[in-house]
Every structure is written in structure tokens, then in C-alpha cells.
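To start, the structure under review is shown below, and the notes come after it.
The values are calculated or read from the model by the stated rules, or taken from the named source; none is laboratory data. Just so it is clear, the model here is predicted, and its values are computed rather than measured. As a convention, Cβ positions derive from the backbone with ideal geometry for all residues, glycine included, and neighbour counts pool all protein chains shown.
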Amino acid sequence: MDWSWVLILAGYALGTFPGALLVGRYTGHDPTREGSNNPGASNVYRVAGRWPAAWVLLSDVGKGVIAAGLGLLVADQLVGAACGAAAVVGHILPLGRYRQGGKGVATFGGMLLVLTPVVGVILIGVWGVALAVSKRAGAASLVATAAAPAAVALQGWPAPEVGVAIGVAVVVIARHHENIRRMWRREEPAIWS
């Protein structure tokens, strides 16, 4: 039996885990109704503070790590990439909470940390530099996400895996459409002053 589809579906299910909502409930906040209305670490940082945001970040990265790691362990790198991609889609478009999904950056990062740790760490650095320069998490996320497919291609990933990385990057960037519009109008809020 080919377990690939089972693993990919499991990756999607894992991606739907509502870490931000659970942390928000514990802290008395609903990140889908406060701030930017996005259940991601950046918005949780704005509405609830540093430590709740850290827990949300850990949860979101963990989804990508576990999904991609499971696919890699049971099958191969391509299945690992597909499982990680499914976790990103589950995070962005969770069934039953259609409009309460996140933007997928941290989950994509977790996927890359498992499948290509060097590139994952480099992209975290790229994200950090872009955040320091722009002071906007959305801008930093877009820069790191856009760089990811080129980075894995340069590391020598085969074409199918690079294709998965491109697909995930396109979905994550598309999910930032509101950030892009706000940046275009110079209305994107800084994560700190």
C-alpha cells in the first residue's frame, strides 16, 4: 500500500491544529477578532505579548516540522515536502474554520528546517534582517518566503521538490495579499515603534 496520500492527509490535519486560538483563549484574547485578525505569532505578539507569541510560533513551526519529518521518515524527501506543504495548506485553510487560518510562514519554515536545515536557518536569518530593516513582519515574511525556492534549488533539490517549494511560496505570498496592499499604500503597521 502506498502510504503517501495518508501521510499527506495527516499533514493537512496537523496543519489545522489551532495553536493561536488555544493560546489566545488561555490569555483572554481572540487573535481572529483583534489586531489584524490573523492567528499568527506577529498578531498574537501585538495583542497578547511576547510569551504567548512565542508559544504560537512554536506551535506553527512544529506543525511543519512534524508533518515534513513524518513524510521524510516514512518515505522520502518528496513525500516529506508534500506533507509539509499539506500542513501549510491546513494552517491557511483549516476545514471548519475557513476564515480563521494563518498565513503559513512559520509552518513553511518548520518544513524547511527538517528537509534542509542549512537553508532553514539561513532563511530565518534573512527574515530577521528584513524585519530589523522594515520593522514589519509581513515584509520580512514575504522576503524570506520569496527566497525559499531559489535557496532550495541552489542547494540541489530535485525539480519535483523545488516545484513543491515554489507552490508553497506562491500560496503563502498570495495569503499576504492584504499586507501587500497595505504596504503599497504605506499603511502596514510596524511590529514595534
Practice problem: Could you please let me know if R97 is touching an Asp or Glu at 6+ places or on another chain (Cβ under 7 Å) and of a type in the set (K, R)? | Solution: no
Practice problem: State whether one or more residues within segment 94-114 are part of a helix (DSSP H, G or I), surrounded by fewer than 21 Cβ atoms within 10 Å (Cβ to Cβ) and of a type in the set (D, E, K, R). | Solution: yes
Quiz item: Can you find a residue in segment 23-40 that is assigned to a helix (DSSP H, G or I), hydrophobic (A, V, I, L, M, F, W, C) and surrounded by fewer than 20 Cβ atoms within 10 Å (Cβ to Cβ)?
Solution: no
Quiz item: Would it be correct to say that V88 is over 11 Å from the mean Cα position of the chain (by Cα) and of a type in the set (V, I, T)?
Solution: no
Quiz item: Pick from G62, G35: which is at positive phi and touching a residue at least 12 places away in the same chain (Cβ under 8 Å)?
Solution: G35
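Results for (1) within 14 Å of the chain's Cα centre (by Cα); (2) on the phi < 0 side of the Ramachandran plot; (3) modelled with pLDDT of 95 or more, shown as yes or no for each residue.
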site: F108; (1), (2), (3): yes, yes, yes
site: V118; (1), (2), (3): no, yes, yes
site: V121; (1), (2), (3): no, yes, yes
site: S134; (1), (2), (3): no, yes, no
site: A137; (1), (2), (3): yes, yes, no
site: A159; (1), (2), (3): no, yes, yes
site: A169; (1), (2), (3): yes, yes, yes
site: I173; (1), (2), (3): yes, yes, yes
